[in-house]
Amino acid sequence: MRGIMFGYIRVVDAINHRIGRIAMYGIFILMGILLWSSISKTFFVPSLWTLEMAQFVMVGYYILGGPYSIQLGSNVRMDLLYGEWSTRKKAWFDVFTALLLIFYLCVLLYGAVSSTAYSLGYWGTEPFSFFGGLITGSEEIGRMERASTAWRPYLWPIKAVMVTGLFLMLLQCTSELCKDVLRIKGETI
Amino acid sequence: QSTIKWRMQTYAGAALAEHVIDPAIKMFNQIAGDRMQIELFYADQLVPTGELFQAMQRGTIDAVQSDDDSMASPTEVTVFGGYFPFGSRYSLDVPVLFNQYGLNEIWDEEYSAVGVKHISAGSWDPCHFATKDPIRSLADLEGKRIFTFPTAGRFMSQFGVVPVNLPWEDIEVAVQTGELDGIAWSGITEDYTVGWADVTNYFLTNNISGAWAGSFFANMDRWNELPEDLQTLFRVCCDQSHYYRQWWYWGGEANLRVNGTKMELTTIPDEEWATVEAKAQEFWEEIAAESDVKRRVVDIFKQYNADMLKAGRPYRYG
Amino acid sequence: MSYELIATLMFSTMMLMLLTGQRVFGAIGFVAVVAALLLWGDKGGFDIGFSAAMKLMKWYPLLTLPMFIFMGYVLSESKIADDLYKMFHVWMGGLRGGLAIGTIGLMVLISAMNGLSVAGMAIGSTIALPELLKRGYDKRMVTGVIQAGSSLGILVPPSVVLVLYAMIARQPVSQLWLAGIVPGLMMAGLFIAYIVIRCRMNPDLGPVLPAEERDIPRAEKMRLLRAGLLPLIIFAVMMIPFVRGWTSLVESSAIGAIAAFVAAVIKGRMTREVFENSVRNTLGITCMFMWIILAALAFGAVFDGLGAVKAIESLFTEKLNLSPWTILILMQLSFIVMGTFLDDTAMLVIVAPLYVPLVGELGFDLIWYGILYTITTQIAYMTPPFGYNLFLMRAMAPPEISLRDIYSSITPFVAVMVFALILVMVFPGLATWLPDYIYNQP
Ligand code: NA
Ligand code: NA
């Protein structure tokens, strides 16, 4: 069990580290888009796509970068009581509250999956069976959702990015949970 | 027996909702009393307007007031809600098209197929441009970033307009922060009511459409659960809302053109504007070619407009 | 379950999770989705969390967040501010408490180049603090100076807090930013007045620089003055096109970030390490903000669903029958109280939507209120136990400064800020004059 946990932590942290490092540079793409937006507006005709594209990049930036930010410890905690506690006591409380955090992420992920299914034309209430059906061929892609703008991009790609990011966040928080369990058992991480 | 509670969200922000929906819902709540109460939410309050349809389909929201286009409804008729370019000339055209020319039946089929009850359609205001800089010819449209309806935006982009879509409540600020050069989303009544007249200077009297079509919708299960008399009461209140908007907009548009002080009126000459109207006919054909349902709707529009032209004054002039 | 019970459970569960150290976004998000499930059942309840993500995507002013954060990190990491500090050091060192006064000046310039207090805090505690301690300045005073001074970052434009407020109150960012300038400078003036008075009463708090350190040729002094131009140039490159309407808000933020980056490259300070730290920290802080706002938007939607806004309105206006000013003062007080135990960003996104509509209905000017609101947030940033600036100070201060020092250092400065708050309340023109002057020219 101990070995499995350490393995899981190593793999998940490595994947999220790598993806986060890539997402990190998204800020320059964002800068580029916004700069192009002001240049094209000043010298040519304003672009249709810049604001929306910037919004998509921002979503990718903070959703895919989220797990890495957890690794960096950027997420504030209130350390009035918590800061004074021993590592073990912290770990005990974290194990409990991490389960609640994981519940939140599961609900978010479920919402994201069903919204993605919707964006592919599935209007039922069982999005997971829809994606299962897509693989086996019993379901088909229906009317694809497009943004209600003149640029009209399809929405499934950004929703798929969100599903991916939320799933990675779930993995990362589970990895944090494993770390806390190991800390309770007296292991050093 | 406990009170039935509905959550309803409108596309409109609080200032506009005071006219386009509040009176009808207040009336409903007053009459229904302990039997049923509808709690009304404004633009983007519970869910963003773009997600309204999905939220209603799943039951996060029980009922919705919106045009088909703004709430991104996944039906074939979406392009015709909101401002379909030159689809109507007067606000009375909309109820006639729905009640006498068969649009009701098409809307009902389309929405039933996706689990949503289409209750009733009515008309709103005409679609004019409100801009920071004056528009006196088609060339002035070139490069302007305009907040507008998705379909109207698609149509207007051939004249150099850059259509932008933002949350409704953010428009006023977006004009001030430079994200937008203007708005083609409303008539002058709405410009004054929601504050857009304060951030723009010019009002173009030519319009892309005489009135937009919006509807009341409900989650199908919630609708079917209602006792018949409450369904009837809801329909009556929807009709009251349609009626209120008929006179409020019709009178308001004329009054503010004549007595309004915040916006200067400009006009593109009729001969030049005729090219836009001609392009609209081509646009209709493009849309009709997309599917059978769209073909049916476009044919109804054509039939209706031909009939009105034959009927002569006061239905159509020239 | 009754609505009141759900609301009470929501707040108490959130507090419990925060106190036991869960990440802020997790605490808020969990409470929001559970409440949504209780309210809407399994049908719609599952969607409210994610629909907040779609709403967040459409909140375009948030695109400025990473830009302003990046700007701040480039400035602090690349040590561009070193020259600025030297400028103030040389010019102000001859006065009693002069280095502390110079630090406030430094903080004002840094505030004009970033949207949060992070950069001011980092520059203050790495450059100014060690120098001031070496020169025998009182550690409690200088710790307070840096915390208070860096909090100007959210009042002097560009300001992320005012962008968030602008979205919630639906007010133009440009006017809010302009409204922050005079109160920001006024507050800096009040800080300086406080330092001058304290040092006159007790010269040991801020000794004059020794004569040999002050003996610098005039030409050298003039050369150092040029360092002050850089922030002004960056500020102008970003603000002028924006106020003139040539670029939009989000475009301007990108131009500001690029300007700061280019300045660091030209000055030869953009090393690999500086680059890495700026880019990485920007991701970290942006993610923290975005995930908290994501959770808070879901929380807010549930609160709307419960009819909380209407309940608070009717409580204040109908049930208690209070006058508008009493309500306003009560709201400010409750903000400060909540700021002591609630995370600042969370407070911003959760409480503001409840209060701002009410303020508008009471007939107050929402631009003016935005400044009151930001000053209150500044205070919340500094007051223990929960405060953004407190966290940063604790993380960055040298070891000889204890937690007790940090806590007690802020007291006089918080008093000054409360005084400034009262001034802006009594004289609304302090905030509204500049935007009126710029935007309402005949
Ligand atoms: Na600032
Ligand atoms: Na605090």
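Screening the stretch B:1-36 for residues that are surrounded by fewer than 21 Cβ atoms within 10 Å (Cβ to Cβ) and in a loop (DSSP other than H, G, I, E, B) and picking the one that is nearest to the chain's Cα centre (by Cα) gives B:Thr3. Scan the stretch C:375-403 for residues that are within 13 Å of ligand 2 (Cβ to nearest atom) and among the small types (Gly, Ala, Ser) and report the count. Qualifying residue count, the stretch C:375-403: 2.
Within the stretch B:167-200, the set of residues being at the interface with another protein chain (Cβ under 7 Å from one of its Cβ atoms), of a type outside the set (S, T, N, Q) and not in a helix (DSSP H, G or I) comprises B:Pro167, B:Gly178, B:Glu179.
Residue-by-condition table, conditions (1) away from chain C (no Cβ under 14 Å); (2) under 19 Å from the mean Cα position of the chain (by Cα); (3) crowded, with 20+ Cβ neighbours inside 10 Å:
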| site | (1), (2), (3) |
| --- | --- |
| B:Ile38 | no, no, no |
| B:Glu51 | no, yes, yes |
| B:Thr78 | yes, yes, yes |
| B:Gly115 | no, no, no |
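The residues of the stretch B:13-29 that are modelled with pLDDT of 90 or more and not β-branched (Val, Ile, Thr), listed by number, are B:Leu16, B:Ala17, B:Glu18, B:His19, B:Asp22, B:Pro23, B:Ala24, B:Lys26, B:Met27, B:Phe28, B:Asn29. In the stretch C:132-163, the qualifying residues are those that are of a type in the set (D, E, K, R) and touching a helix residue (DSSP H, G or I) at 6+ places or on another chain (Cβ under 7 Å), and the one that is nearest to ligand 2 (Cβ to nearest atom) is C:Arg140.
When the stretch A:40-60 is limited to residues that are under 17 Å from the mean Cα position of the chain (by Cα), within 7 Å of chain C (Cβ to nearest Cβ) and without any contact (Cβ under 8 Å) to a residue 60 or more places away in the chain, the one that is nearest to B:Arg154 (Cα to Cα) turns out to be A:Gln55.
Could you run through the stretch B:137-151 and say how many residues are closer than 23 Å to C:Trp59 by Cα and either out of contact with any strand residue (DSSP E or B) (no Cβ under 8 Å at 6 or more places or on another chain) or within 10 Å of chain A (Cβ to nearest Cβ) (or both)? Final tally of qualifying residues: 7.
Among the residues of the stretch C:390-412, is any within 26 Å of C:Glu131 (Cα to Cα), within 16 Å of ligand 1 (Cβ to nearest atom), among the aromatic types (Phe, Trp, Tyr) and in the same structural domain as C:Leu322 (by the TED database)? Quick ask: steps written out before the conclusion?
Going through the stretch C:390-412, the residues within 26 Å of C:Glu131 (Cα to Cα) turn out to be C:390-412.
Narrowing further to those that are within 16 Å of ligand 1 (Cβ to nearest atom): C:392.
Still in the running and among the aromatic types (Phe, Trp, Tyr): none.
Within the stretch C:390-412, none of the residues are within 26 Å of C:Glu131 (Cα to Cα), within 16 Å of ligand 1 (Cβ to nearest atom), among the aromatic types (Phe, Trp, Tyr) and in the same structural domain as C:Leu322 (by the TED database).
Residues are listed down the side, and each one gets a yes or a no for (1) surrounded by 23 or more Cβ atoms within 10 Å (Cβ to Cβ); (2) under 23 Å from C:Gly284 (Cα atoms):
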{"residue": "C:Pro66", "(1), (2)": "yes, yes"}
{"residue": "C:Asp82", "(1), (2)": "no, no"}
{"residue": "C:Leu99", "(1), (2)": "yes, no"}
{"residue": "C:Gly105", "(1), (2)": "no, no"}
{"residue": "C:Asn114", "(1), (2)": "yes, yes"}
{"residue": "C:Ala119", "(1), (2)": "yes, yes"}
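So, of the residues in the stretch C:30-39 that are buried (at least 24 other Cβ atoms within 10 Å of the Cβ) and touching a Gly at 6+ places or on another chain (Cβ under 7 Å), which turns out to be nearest to C:Gly300 (Cα to Cα)? So the residue we want is C:Ala32. The lone criterion from (1) within 14 Å of chain A (Cβ to nearest Cβ); (2) under 30 Å from C:Tyr165 (Cβ atoms); (3) of a type outside the set (Lys, Arg) left unmet by B:Met156 is number (2). A:Lys159 meets all of the listed conditions (1) within 30 Å of B:Met156 (Cα to Cα); (2) over 17 Å from the mean Cα position of the chain (by Cα) but one, namely (2). Being under 30 Å from B:Pro163 (Cα atoms), more than 13 Å from chain B (Cβ to nearest Cβ) and not hydrophobic (A, V, I, L, M, F, W, C) is the filter here, so list the residues in the stretch A:127-164 that pass it. Once the filter is applied, which keeps residues that are under 30 Å from B:Pro163 (Cα atoms), more than 13 Å from chain B (Cβ to nearest Cβ) and not hydrophobic (A, V, I, L, M, F, W, C), the stretch A:127-164 yields only A:Pro157. Beta carbons closer than 9 Å, at least 6 apart along the sequence or on distinct chains, pair a first residue in the stretch A:13-35 that is away from every other protein chain (no Cβ under 11 Å) and farther than 19 Å from C:Val262 by Cα with a second that is assigned to a helix (DSSP H, G or I) and among the β-branched types (Val, Ile, Thr) for A:Asn16/A:Ile70; A:Ile19/A:Thr164.
Going by what's in this entry, would C:Leu354 be described as more than 16 Å from ligand 2 (Cβ to nearest atom), more than 17 Å from the chain's Cα centre (by Cα) and either of a type in the set (S, T, N, Q) or within 14 Å of another protein chain (Cβ to nearest Cβ) (or both)? Criteria met by C:Leu354. Is it true that some residue in the stretch C:250-269 is at pLDDT below 80 and assigned by the TED database to the domain that holds C:Leu176? Checked the stretch C:250-269: no residue is at pLDDT below 80 and assigned by the TED database to the domain that holds C:Leu176. When B:Ala130 is tested against (1) surrounded by fewer than 24 Cβ atoms within 10 Å (Cβ to Cβ); (2) away from chain C (no Cβ under 14 Å); (3) among the aliphatic types (A, V, I, L, M); (4) over 22 Å from B:Tyr243 (Cα atoms), exactly one condition is not met: (1). Residues that are assigned to a helix (DSSP H, G or I), of a type in the set (A, V, I, L, M), within 16 Å of ligand 2 (Cβ to nearest atom) and away from every other protein chain (no Cβ under 14 Å) are absent from the stretch C:358-374 altogether. Scanning the stretch B:254-281 for residues that are in a loop (DSSP other than H, G, I, E, B) and loosely packed, with under 12 Cβ neighbours inside 10 Å turns up B:Thr261, B:Pro269.
With the condition kept exactly as written, say whether any residue in the stretch B:237-253 is of a type in the set (A, V, I, L, M, F, W, C) and within 24 Å of B:Val77 (Cβ to Cβ). Walk me through how you get there before you give the answer.
First, the residues of the stretch B:237-253 that are of a type in the set (A, V, I, L, M, F, W, C): B:237-238, B:247-248, B:250.
Those left that are additionally within 24 Å of B:Val77 (Cβ to Cβ): B:237-238.
Taking every residue of the stretch B:237-253 in turn, at least one turns out to be of a type in the set (A, V, I, L, M, F, W, C) and within 24 Å of B:Val77 (Cβ to Cβ).
Within the set C:Gly206, C:Gly228, the sole residue that is farther than 30 Å from C:Ser174 by Cα, within 31 Å of the chain's Cα centre (by Cα), modelled with pLDDT under 80 and in the same structural domain as C:Leu129 (by the TED database) turns out to be C:Gly206.
Counting only helices (runs of 4 or more DSSP H) wholly contained in the stretch C:109-199, the ones carrying 2 or more residues that are within 13 Å of ligand 1 (Cβ to nearest atom) occupy C:118-123, C:139-150, C:160-169. I'd like to know if the stretch A:64-80 contains one or more residues that are facing chain C (nearest Cβ under 9 Å), at pLDDT below 90 and surrounded by fewer than 14 Cβ atoms within 10 Å (Cβ to Cβ). Taking every residue of the stretch A:64-80 in turn, at least one turns out to be facing chain C (nearest Cβ under 9 Å), at pLDDT below 90 and surrounded by fewer than 14 Cβ atoms within 10 Å (Cβ to Cβ).
The values are calculated or read from the model by the stated rules, or taken from the named source; none is laboratory data. All figures in this text were calculated on a predicted structure; none of them were measured in a lab. Cβ: placed from backbone, ideal geometry, glycine included. Neighbour counts: every protein chain shown.
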